[in-house]
1. Confirm whether Y652 is at pLDDT 95 or above, more than 30 Å from E583 (Cβ to Cβ), outside the structural domain of R468 (by TED's automatic domain parsing) and hydroxyl-bearing (S, T, Y).
2. Among (1) assigned to a loop (DSSP other than H, G, I, E, B); (2) over 21 Å from V52 (Cα atoms); (3) free of Cβ contacts under 8 Å to residues at least 24 places away in the same chain, there is one condition G382 misses while meeting the rest; what is its number?
3. Against the conditions (1) within 28 Å of H522 (Cα to Cα); (2) exposed (fewer than 13 other Cβ atoms within 10 Å of the Cβ); (3) basic (K, R); (4) modelled with pLDDT of 95 or more, where does K702 fall short? Just the number, please.
4. Anything in segment 611-665 that is in contact with a Phe, Trp or Tyr (Cβ under 9 Å, 6 or more places away or on another chain) and on the phi > 0 side of the Ramachandran plot? List them, or say none.
5. Among (1) farther than 30 Å from P374 by Cβ; (2) without any contact (Cβ under 8 Å) to a residue 24 or more places away in the chain; (3) of a type outside the set (S, T, Y), where does D45 come up short?
6. Can you name the condition, by its number, that L647 falls short on among (1) in contact (Cβ under 8 Å) with a residue 24 or more places away in the chain; (2) over 29 Å from the mean Cα position of the chain (by Cα); (3) loosely packed, with under 13 Cβ neighbours inside 10 Å?
7. Of the conditions (1) surrounded by fewer than 18 Cβ atoms within 10 Å (Cβ to Cβ); (2) assigned to a helix (DSSP H, G or I); (3) of a type in the set (A, V, I, L, M); (4) free of Cβ contacts under 8 Å to residues at least 60 places away in the same chain, L344 fails just one. Which one is it?
Amino acid sequence: MNFKFHVIILCLISTLYIHTGYGQELEWVEIENGIWKSSVGQPEDISLLKAVDVKPKEEALRQLPLANFPIDKAKIKTKLIDGKTYLQFPLSREEQIYGLGLNFKTVHQRGRIMQLHVDHYGGRDNGRTHAPVPFYVSSKGYGVLIDAARYITVYAGTAVRVNADDKPVLRDRNTDRQWQAQPYSDAVEILVPAKGTDIYVFGGSSPMEAVQRYNLFNGGGYLPPKWGLGFTQRVPTLYSQYDIIREAKEFEDHNFPLDFIGVEPGWHSMSYPCTFEWDKTRFPDPKKFNQELLGQGIRTNLWFNPYVSPVGSLYPKIKDLSGSHTVWNGIVPDLMLQETRDILKDHFVENHLNIGVSGYKIDEVDGYDSWLWPDVATFPSGYSGEQMRQVYGLLVQDMTSKWFKERNQRTYGLVRASNAGASALPYVLYNDYYSHKDFITALVNSSFIGVLWTPEVRASKTAEEWLRRMQSVCFSPMAMLNAWADGTKPWSFPEVEEAVRDVANLRMQLLPYIYTTFSQYHFKGLPPFRAMNLVEGFSYDGNKSEGKLDSTNNPYKLAVKSEIKDQYMMGDNILVAPMFEGEKERKVILPQGKWFDFYDGSFVGENEVITVRPGLEKIPLYVRDGGIIPMRPVQRQAPELGEKVDLIIRHYGHKEGEYILYDDDGLSFDFEKGQYSMVDIKVKKDKKGNLRGTIGRPEKGKPYSYNKKVSWEFKTK
């Protein structure tokens with residue numbers, strides 16, 4: 001009896017421990033160099049990383065420095081209550097955190113409460129966004145990923161526990177000017193509405209190293225085809241094949257770059273929902289249409305949303321393999337089922353890829369709630385509406401990208417929803433929100449979470465705004481004008497047509513540099529467009545400003561933190577500082593070391609804040625001391641297979657410099673089998689102290705699209 005009594009008591013204590021207190025210390029296993037995994041409770045068999053079939057780049061991860069586990073394990077706490085998982089990670093007082101999704105207004109995420117929920121962005125950084133990636137990066141040089149396909153709530157240094165290790169100072173608002181409405185919190189606390197989850201911790205000596213590990217763990221960043229880095233025009237919705245051919249001719253007449261054309265919903269015989277079949281009136285001969293454009297060096301990219309129309313040939317094949325609820329009267333294919341994916345593949349390959357289509361724009365997989373299946377929806381695979389919403393954008397990207405990869409053909413497209421694990425997928429995020437400044441903040445934030453973002457151009461009220469937007473988009477992952485609604489052209493404002501053409505041509509000239517930058521994303525995990533907080537030598541302290549008491553606008557005197565969200569790095573050497581309509585001047589924060597003007601090579605400053613007045617025609621660009629920028633002559637399109645171009649190599653400043661120029665065939669995945677070139681470019685001082693440049697030769701038999709002729713430009717006199 002006594003023994004049984006003790007057993008019952010122990011069971012009760014155990015039950016209370018699991019449901020009300022902290023569980024046992026987690027077991028962490030180092031699964032790759034500097035990456036640790038642990039599991040809490042019972043992780044679900046669907047997760048963000050499981051939705052994307054990618055493998056870590058193990059060799060690249062091994063090349064990174066060794067790292068110790070970056071967090072005090074005893075302070076990582078978990079508990080399970082009512083089928084939900086509670087997580088707690090420590091924060092020190094001086095620590096800032098970044099990431100937690102594609103945010104449009106904020107870079108510093110400490111002090112925020114967010115529900116990470118795939119959705120159309122609604123104007124607030126509350127977690128509802130197109131890529132609500134549950135990954136955060138610490139300023140102390142580590143990252144944390146929660147791999148759960150659920151609506152995850154994050155208290156990012158906001159929740160103050162009674163038994164906090166580092167409690168905030170108790171203050172009296174009546175008498176103490178230092179009183180704060182949001183007291184200091186020493187933890188990130190996370191609620192996952194599931195019985196368990198997998199957790200990953202990424203170590204490093206800097207925030208960038210943690211981001212590198214995250215990207216490499218997810219397969220390395222995507223390396224687009226060269227044509228994908230050219231200029232794209234998305235045409236009006238109801239354009240016919242003849243209208244599009246005529247539009248391509250207009251670009252040629254205006255001597256404006258054009259590498260691929262976006263074909264909007266009118267190509268379908270029905271859209272919203274879609275048939276995925278060519279409209280015979282507007283596109284009587286889609287094969288001829290695609291081949292004619294390919295003959296001009298122009299690819300086609302087809303818009304679709306994944307909801308199948310009842311009048312389409314796919315409907316009867318896929319009806320029983322779809323969810324319980326419709327979207328715009330279209331059924332929602334269950335992409336967790338291989339049978340569903342096989343049926344879609346057969347249709348898309350036969351009707352699109354086989355006739356020359358080069359990519360897709362995947363729309364309407366984000367929200368709002370009223371535009372998507374509800375959370376009460378069920379799917380034949382057994383997964384819930386919530387789970388499917390968190391992974392659906394990933395599933396469509398993964399499915400379509402594999403169609404192209406099986407053909408050894410790189411693609412590049414657009415998507416409205418993504419999540420953790422997307423680094424290796426060939427898609428760039430976009431949305432209908434249209435704040436120029438916030439678009440740049442999103443570009444900054446994309447670098448923390450392994451996604452790409454384009455601040456696309458659609459319309460403007462003035463020529464100044466038009467030019468400023470065009471300048472920004474030409475320094476982003478996809479240089480795109482989206483004219484689906486109103487038919488705008490790059491030359492819609494004639495007074496700035498030349499300046500718009502100049503910046504588009506500059507992007508095309510920079511293709512060797514941009515392509516090499518994307519190769520770093522693939523091989524090293526370095527984001528091609530980088531927040532200043534990831535840049536070595538960036539020492540700006542943005543936590544010093546303080547909020548002011550205001551009875552209407554700020555009655556609780558919330559602190560206002562300075563964030564660097566309007567400038568960023570493109571690759572290793574170019575700092576981009578966009579201008580916005582109405583601005584005649586702006587401040588630029590320069591990291592350590594000397595910096596030089598991109599256009600004339602003049603010295604502009606060193607580890608300081610400068611004020612610049614670039615004029616309307618130029619976007620401010622700066623190059624670090626010793627920076628090498630490989631370029632090419634002005635050309636309207638990316639080079640075709642086998643085409644060779646001359647190299648122009650610029651050097652800035654007075655320091656010696658080195659650069660590794662990357663190249664491959666620009667189209668296939670043969671680079672993954674070693675078919676690529678890496679050529680050393682060096683600038684050294686001779687015995688007299690003069691700078692001299694040398695360039696190596698590519699390995700024999702490896703693809704290399706540059707002539708032996710090299711023009712050296714030493715920009716700083």
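The values are calculated or read from the model by the stated rules, or taken from the named source; none is laboratory data. Bear in mind the structure is a predicted one, so any value in this text is a computation, not a measurement. Cβ sites come from the backbone with ideal geometry, for glycine too, and all protein chains shown count toward neighbours.
1. So Y652 does not fit the description; no.
2. With (1) assigned to a loop (DSSP other than H, G, I, E, B); (2) over 21 Å from V52 (Cα atoms); (3) free of Cβ contacts under 8 Å to residues at least 24 places away in the same chain applied to G382, the lone miss is (2).
3. Of everything listed in (1) within 28 Å of H522 (Cα to Cα); (2) exposed (fewer than 13 other Cβ atoms within 10 Å of the Cβ); (3) basic (K, R); (4) modelled with pLDDT of 95 or more, K702 misses just condition (2).
4. G626, G653
5. For D45, the failing item is (1).
6. Condition not satisfied by L647: (3).
7. Condition (1) is where L344 drops out.
Residue by residue, here is whether (1) at positive phi; (2) touching a strand residue (DSSP E or B) at 6+ places or on another chain (Cβ under 8 Å); (3) hydroxyl-bearing (S, T, Y) holds:
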| site | (1), (2), (3) |
| --- | --- |
| R171 | no, no, no |
| A181 | no, no, no |
| Y184 | no, no, yes |
| I190 | no, yes, no |
| A194 | no, yes, no |
| V201 | no, yes, no |
| P207 | no, yes, no |
